[in-house]
1. Among Phe229, Phe22, rank each residue by its count of other Cβ atoms within 10 Å, from fewest to most, as a rough exposure measure.
2. Want the number for Glu45 to Ala345: 0.36 nm per residue separation, take away the alpha-carbon distance, what's left?
3. Can you give the charge dipole size of segment 67-188 about its Cα centre, rounded to the nearest 20 debye, using +1 on the beta carbon of Lys and Arg and -1 on the beta carbon of Asp and Glu?
4. If I stretch the segment between Asp79 and Asn174 completely, what's the gain in nm (0.36 nm per residue apart, minus their alpha carbon distance), one decimal?
5. If you wrap a convex hull around the C-alpha atoms of segment 67-188 and split its volume per residue, what is the figure in Å³?
6. Take the Cα gyration tensor of the chain, multiply each eigenvalue by 5, square-root it, and list the three semi-axes largest first, rounded to whole angstrom.
7. Using the charge dipole of the chain (Lys, Arg: +1 at Cβ; Asp, Glu: -1 at Cβ; taken about the Cα centre), state which of Ser211, Ile342, Phe311 has its Cα farthest towards the positive end.
8. In µm²/s, what is D for segment 68-132 at 37 °C and 0.692 mPa s, where D = kT/(6 pi eta Rh) by Stokes-Einstein and Rh is the Kirkwood radius from Cα pairs?
Amino acid sequence: MRLKIIAGALAAVLLVGLGSYFYVRSELEQGLSSQLDSQIEGNSELFARSWRLAGLEFLRLVEDRAKTQGVEAAYRALDQNSRRTRAHEQANTIAAWFQDPARGQVGRPDLVALLDETGSVIARDQDINRMAGNSLNQAIPVVRAAIEGQSGHDVWWKSDENKVIRVAVAPVHNESGGVIGALLVGYDVSNGFVQREAEVIGRDVVIMRGSAVYSSSLEPGELNPFEAFVNNSLGSQAEQSAAGGAATAFEAELGEHTYVGLVRALPETPSEALSFAVLGDRAEHAELTSIATVILFLTIAAALLALAYGFLVGGSFMRPLTEIEEGILTVINGRTDHRLNIESAEFGGLAYRINQLINVFTGVQETDESGRNSTPGIGWSETMSEPEETAGASASPEVAALADEPESSYQSRIFQEYVDAKRAAGEDVSNIPQDRFLARLSKNAEALKAKHGCRMVRFHVETKGSQVILRPVIIR
């Protein structure tokens, strides 16, 4: 029974706990997966807006630098060498200014150059001779616009360095307002830049030129599988998106993780067809499903409590049952004087009834504290009188004779009279052993002595109709 109680409790706990765990986890996984799919489009739009806003802020800073007196003074040098020297100095000064974190940029620019009124480089930062005289009108269309007085933002594929440079170009005006040149500042669209943007939107970002990955925020272990995925599957879609096609959703297995993403054209890059992809890691996004493991821990705790409770409750049931079984076996083996003594609210009543049944089958009479018959079928009187006779001078001769009768003679006589009366009443007396009868008679006499405070209690055998009773006699 104990094992059944424990198994039942455990089965209920495990069924409810594990069922709840798998249901909640499944619902969380499905909900989070659908949520990620819907969020990627929003993250993609967020990156596009961030790119535009960053471009506008970048262009505003370049315009401010182009209006400084130092830049305008560089164009007023008396000869070509002085002009180049001053332009180089101003380019380095502007590069250092942008390097200050307060400007909100990603470190020192990759390129700062002062251009003349034809769009050719006068001088750049770091190396005064490098790029000197190079015309950028064709390579960077916004340079032509700046010479005409219109600031612009674009990207430039700098083939000699294999770099995609994000450039902002602003016109430089003289004192009368005429355009005398332009200031160009450029940053590589590097992994660092993309990593910074990825942190803002909370998703990995990849920028592609054609069907090749240029920069990304992916970890090295994920970048190589993604490049292979681009070469095999995503490249043509990226090219179509960069050329003005619609955004394309995709799903990619990168190492041990599955990514869902969206590829679309990088905005405000008229000179170079670039695209970008925003990616979300399904496993990382589904980390919230780990909250379902709390149910597992609670299930384990509940299972342990069920085990403990099962042992306690099972023990409280099994111990009295075992005692009852052993007690009945003792009676069967000949100990007819043995009675059950069970301290249990659940089985105490059963033990009492079993004791009564044993008394019936052994022919033993049993009284309660008041001397009333408590064993069905055995003729204790329902009511008991207390004779006023005593063993003193006022005692009747019958009471005096009963008090003076030797104990052994009294016991033999009362047993024989009781058996004869039972037999005369037509009852079976084969199940009334003398020793058990006398032991119970003595016990009841002692109980009545204690109750009435008398010297002795003995019994008379009386027959009322078909009922044989033992009436107690109080001897003072």
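1. Working: Phe229 19, Phe22 12.
The fewest-first ordering by Cβ neighbours comes to Phe22, Phe229.
2. Working: separation 300, 0.36 × 300 = 108.00 nm, distance 7.31 nm.
That works out to 100.7 nm of additional length.
3. Working: 13 positive and 15 negative charges, 18 e Å.
Around 80 debye, computed over segment 67-188.
4. Numbers: separation 95, 0.36 × 95 = 34.20 nm, distance 1.71 nm.
Stretched out fully, the Asp79 to Asn174 stretch lengthens by 32.5 nm.
5. Details: hull volume 11.7 nm³, N = 122.
Cα-based convex hull of segment 67-188, divided per residue, equals 96 Å³.
6. Working: eigenvalues 2803, 105, 43 Å².
Three semi-axes, in Å: 118, 23, 15.
7. The listed residue farthest towards the positive side: Ile342.
8. On the way: Rh = 12.0 Å.
This corresponds to a translational diffusion coefficient of 274 µm²/s.
Bear in mind that the values in this text are calculations on the coordinates, not laboratory data. Not measured: the values here are computed from a predicted model. We place every Cβ from the backbone using ideal geometry, glycine too, and count neighbours over all the protein chains shown.
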